[in-house]
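Accompanying notes for the structure given below.
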Amino acid sequence: MAPEASTSTSHRSVDVLVSKLRRRQVVGSREAALETVKVLRQVVSRAKFSNIDQLVGLIRLVGRRLVEAQPKGNTVRKILHHIREEYNTATKGTASSSSAVSSSKGVFSIANFVLQGQPRKQPVAQKSEAGRTTTTTSMSMSVRENDPHDPDSFAKSLKPVLMEAIQDVLDELETVYDNVSKNAKDHIHSDEIILTIGHSKTVEAFLKSAAHYRSYTVIVAETSPSYSGHEMARSLSSAGISTFLVPDSSIYAIMSRVNKVILGAHAILANGGMFAITGSLLATSAARVHSVPVVVCAGQFKLTPLWNLYHEFGALDFADPSSVLGFEEGRLVGKEVEVVNPYYDYVEPEQVDVFITNDGDHPPSSVYRLIKETYDDEDHEL
Amino acid sequence: MAPPPSLPVQPPNGPESRPPVKAQKEMSKAERRELQEKQRAVKAAAKAGGSSSQPNQKAAAKQAPPPLTSNAMPKKGGKLADTAPPRTPAAPSGRNTRDVKSATAALAENVPMNARGLRIFSHFGLPKPVSLAKGDIHPVILRLALQFSNFKITGANARCIATLTAFKTVIQDYITPPNNTLSRHLMTHLSPQISHLVAARPMSVTMGNAIRQLKLEISGTDIDLPEQDAKKALCQKIDNYIRDRIMVADQVIEETTGNKIKDGDVILTYARSSVVEKVLLGAHSEGRQFSVIVVDSRPMLEGKRLLSVLAEADIHCSYLLLPALGSVITEASMVLVGAHSIHSNGSVYSRAGTALVAMLAKQQSIPVIVCCETYKFSEGVQLDSFTKNELAPLGDTFASFPLTKPRDTLTLVNSPNLEILNPLYDLTPPTSISAVVTEVGVIPPNSIGSIPLALGRLL
């Protein structure tokens with residue numbers, strides 16, 4: 001296929017990213033998302049395509065490879081969504097290209113009802129039915145698809161707009177921490193005791209931003225076996241926040257004194273549940289028993305249109321068991337001893353009270369709406 | 001206050017001794033002591049924080065109660081130290097006093113900020129170093145206290161048996177002084193020994209109950225009995241206590257619980273309980289086929305010991321740390337845990353983390369069974385894990401951090417704004433427990449208060 005052959009160089013950057021993700025050399029969801037966006041930007045800039053479907057197909061291919069390495073294709077989906085939006089603004093005529101319109105034709109579903117009410121960034125494609133009105137982009141008239149004489153004209157005319165869209169995504173990713181922490185001081189009050197686990201950079205930025213205005217105490221649970229809580233405690237205490245470091249076993253014991261639980265998420269699922277670092281289920285369950293509110297801080301790039309139907313407790317990724325039972329205990333390993341070290345926990349939507357994202361605060365029950373706005377339906381299965 | 005007295009007495013070059021010497025003349029005894037504590041804490045903090053966290057902790061703990069008075073102190077100490085440098089001929093001593101002053105001032109700033117956090121947790125039993133023995137402590141007791149404070153003997157049953165065995169030796173070596181009776185004097189002889197043990201590590205409920213029973217037996221000794229016979233009788237009573245309330249009780253619990261284990265069961269247990277270990281080994285030797293999930297956690301990581309014992313017995317086991325519990329809880333068919341003590345409202349006081357295990361299991365409708373002898377019963381109701389708890393010493397006492405983790409990424413000592421707490425116990429509410437197995441039967445948690453009646457005597 002022509003588009004693939006021409007992107008052999010960008011394939012190399014995809015390979016590099018895939019191997020980095022596989023070996024977990026990219027640490028942190030935001031880093032992974034940033035790298036993905038940069039790679040996709042390269043792919044798009046070098047791509048040669050004659051119509052939108054080829055471009056989408058190409059990006060989908062890349063996305064599938066990345067999802068195999070680390071199952072979170074959110075950034076890919078987001079970029080596809082932006083590309084389609086830009087394309088819709090640019091072309092504005094062909095009814096088939098507008099996904100929103102095509103799906104609303106004669107299909108009654110609450111999803112479409114929800115979509116109709118959403119303000120879009122560009123004028124909604126429905127307006128195009130009214131005929132060719134003056135548009136914001138000057139090149140809309142000149143876009144021709146599948147031009148036999150000049151296969152690149154479509155690509156060339158569309159590319160600058162697409163690059164802008166991708167740059168928007170990049171900017172959003174880079175300012176995630178600032179936007180999430182914008183209203184931190186409204187969520188935390190003086191003399192509160194906050195519990196957190198592990199080392200989430202989003203939560204760290206959130207807490208440090210609130211510390212400028214309020215004085216409060218944070219209790220950090222160690223989160224074995226990664227013990228990332230130690231780093232979090234050191235970082236918070238060096239920012240002047242009064243911190244306590246406790247082992248995970250005492251989460252229930254101290255919960256009676258805690259005012260809020262603030263956690264980070266790895267991925268937010270379509271039903272409002274989330275995947276988070278192991279230990280989150282303990283913290284949220286104990287909080288539920290003591291009626292303590294649970295707040296989750298996450299960037300919007302963590303929203304995933306997937307559901308968790310078959311893995312009730314999210315052991316979808318495992319880490320090295322030697323940090324649980326080291327190799328120095330060799331005589332134990334020889335016998336029939338199984339050592340388990342899962343990476344993530346699945347937390348139900350009923351156990352979370354609010355998600356604080358860079359796009360605002362949302363209860364778990366409205367996560368499905370966010371996903372409808374951010375991603376397109378066809379991209380749910382890359 | 002007025003300028004320092006211009007006495008010709010200048011102590012020889014002791015840079016740190018200069019400000020206290022000057023200060024002693026002006027301040028009262030209590031203020032002097034406080035200033036010295038503060039300077040000691042500052043010195044300890046200045047010493048790259050690692051070596052001795054004890055004086056730091058002690059000073060920090062002492063600073064917590066009088067936060068207001070200590071605020072006034074550094075200012076006075078600072079002012080006096082200020083006038084000291086112009087008098088000191090040696091430059092390094094002047095620099096040192098300035099360092100001490102600035103460090104003290106910095107510490108004073110930290111104290112009000114930390115004071116609130118410290119106060120909330122300040123009633124926890126901070127681990128104290130075993131101080132010099134006051135009075136005549138029997139060597140057996142000295143050894144036992146050291147073993148307790150180094151956590152070589154852990155577990156409610158083990159500690160109680162060790163204490164009673166040590167007391168047997170003490171009683172054997174005891175000689176009634178003239179004009180005294182054994183029944184009255186022995187108790188006063190034992191009291192300092194008991195306090196020494198308590199100073200090493202807070203007394204467990206089992207030890208408390210056993211000692212109370214011992215005191216009852218001692219005061220009930222027949223006055224006319226010759227000393228050697230009285231001592232032999234007491235030792236016999238101690239042996240009986242251990243045999244009846246612990247050993248035989250464990251056997252009954254082992255049988256009762258063993259009957260509840262069926263072939264194909266997956267039993268989940270937390271940390272290491274001596275009773276649960278006996279139950280599992282006993283059931284396995286009777287030929288039942290089951291597998292065990294051992295859940296473990298810092299600070300003590302006792303589950304590894306249980307794991308090795310079970311693995312030696314060829315029982316199929318899984319081992320995981322507490323945060324991973326969510327992923328395996330659905331596979332368990334029964335949860336077996338031990339207890340440190342049970343209270344009359346049915347709440348169970350046991351190793352920190354048990355409450356989390358019981359809570360998750362109950363949510364999944366998995367039966368939670370607590371194996372507990374009746375001598376662990378404690379009158380009174382405990383409401384949450386805060387009213388009574390114990391902290392483990394800081395640092396890597398139990399070698400519980402994995403070797404794969406580089407030590408400099410871990411926080412093992414306190415630093416400004418950061419304090420490490422390792423509570424050893426927590427309280428499981430009766431709502432998370434399905435049943436308590438004792439030697440008098442299987443009891444639902446709300447009937448625990450009737451155990452004394454069931455035993456026919458007041459505990």
message: Which of the numbered conditions does B:S318 fail, given that it passes all the others? Conditions: (1) within 14 Å of another protein chain (Cβ to nearest Cβ); (2) in a helix (DSSP H, G or I).
response: (2)
field: Single unsatisfied condition, B:Y349 versus (1) of a type outside the set (V, I, T); (2) buried (at least 24 other Cβ atoms within 10 Å of the Cβ); (3) within 10 Å of chain A (Cβ to nearest Cβ)
entry: (3)
query: When you look at B:S274, is it away from chain A (no Cβ under 14 Å), within 26 Å of B:D396 (Cβ to Cβ) and surrounded by 16 or more Cβ atoms within 10 Å (Cβ to Cβ), yes or no?
result: yes
message: So, B:D396, is that one in a strand (DSSP E or B), under 17 Å from the mean Cα position of the chain (by Cα) and either closer than 26 Å to A:S224 by Cβ or facing chain A (nearest Cβ under 7 Å) (or both) or not?
response: no
message: Of the conditions (1) assigned to a loop (DSSP other than H, G, I, E, B); (2) in contact (Cβ under 8 Å) with a residue 40 or more places away in the chain, B:E419 satisfies every one except a single condition; which number is it?
response: (1)
- request: Give just the number: which of (1) more than 9 Å from chain A (Cβ to nearest Cβ); (2) part of a loop (DSSP other than H, G, I, E, B) does B:L412 not satisfy?
  value: (1)
Leading residue by the ranking (nearest to B:Y375 (Cα to Cα)) among those in region B:144-183 that are charged (D, E, K, R) and loosely packed, with under 14 Cβ neighbours inside 10 Å: B:K152
- prompt: Do we find a residue being within 14 Å of another protein chain (Cβ to nearest Cβ), in a loop (DSSP other than H, G, I, E, B), touching a residue at least 24 places away in the same chain (Cβ under 8 Å) and buried (at least 19 other Cβ atoms within 10 Å of the Cβ) anywhere in region B:369-380?
  reply: no
field: Which numbered condition A:H189 fails, given (1) more than 12 Å from chain B (Cβ to nearest Cβ); (2) under 27 Å from the mean Cα position of the chain (by Cα); (3) within 30 Å of B:L383 (Cβ to Cβ)
entry: (2)
query: Of the conditions (1) farther than 19 Å from B:L322 by Cβ; (2) assigned to a helix (DSSP H, G or I); (3) within 10 Å of chain B (Cβ to nearest Cβ), A:V218 fails just one. Which one is it?
result: (2)
field: Candidates A:A270, A:A210, A:A283, filtered to the one that is surrounded by fewer than 23 Cβ atoms within 10 Å (Cβ to Cβ) and more than 8 Å from every other protein chain (Cβ to nearest Cβ)
entry: A:A270
- prompt: Just for region A:311-336: of the residues that are in a loop (DSSP other than H, G, I, E, B), facing chain B (nearest Cβ under 8 Å) and over 22 Å from A:S200 (Cα atoms), which one is modelled with the lowest pLDDT?
  reply: A:E312
- request: From B:I329, B:I293, grab the single residue that is in contact (Cβ under 8 Å) with a residue 40 or more places away in the chain and under 16 Å from A:N341 (Cα atoms).
  value: B:I329
field: Qualifying positions in region B:146-173 - out of contact with any Lys or Arg (no Cβ under 7 Å at 6 or more places or on another chain) and farther than 18 Å from B:L424 by Cα
entry: B:L146, B:I161, B:A162, B:T163, B:L164, B:T165, B:A166, B:F167, B:K168, B:T169, B:V170, B:D173
- prompt: In this structure, does A:S224 turn out to be touching a strand residue (DSSP E or B) at 6+ places or on another chain (Cβ under 9 Å), closer than 22 Å to A:A319 by Cβ and among the small types (G, A, S)?
  reply: yes
message: Looking at region A:71-86 only, could you name the residues that are surrounded by 22 or more Cβ atoms within 10 Å (Cβ to Cβ) and at pLDDT below 75?
response: A:K72, A:G73
message: Please verify whether A:T243 is touching a strand residue (DSSP E or B) at 6+ places or on another chain (Cβ under 6 Å), within 10 Å of chain B (Cβ to nearest Cβ) and on the phi > 0 side of the Ramachandran plot, treating the condition exactly as stated.
response: no
query: Quick one: in region A:246-263, which of the residues that are surrounded by fewer than 24 Cβ atoms within 10 Å (Cβ to Cβ) and not β-branched (V, I, T) is nearest to the other protein chains (Cβ to nearest Cβ)?
result: A:S256
message: List pairs: first residue in region B:301-316 and under 18 Å from B:A283 (Cβ atoms) and surrounded by 19 or more Cβ atoms within 10 Å (Cβ to Cβ), second residue at pLDDT 90 or above and of a type in the set (D, E) anywhere in the structure, Cβ distance under 7 angstrom, at least six positions apart or on different chains.
response: B:L306/B:E277
- line: Expected single match for among the basic types (K, R), closer than 23 Å to B:R305 by Cβ and modelled with pLDDT of 90 or more among B:R201, B:R143 is B:R143
statement: If we ask which residues in region B:425-436 are crowded, with 23+ Cβ neighbours inside 10 Å and more than 9 Å from chain A (Cβ to nearest Cβ), their number turns out to be 2
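The values are calculated or read from the model by the stated rules, or taken from the named source; none is laboratory data. Model, not experiment: these values are computed from the prediction. Because the Cβ atoms are built from the backbone with ideal geometry, glycine has one as well, and the counts that use them run over all protein chains shown.
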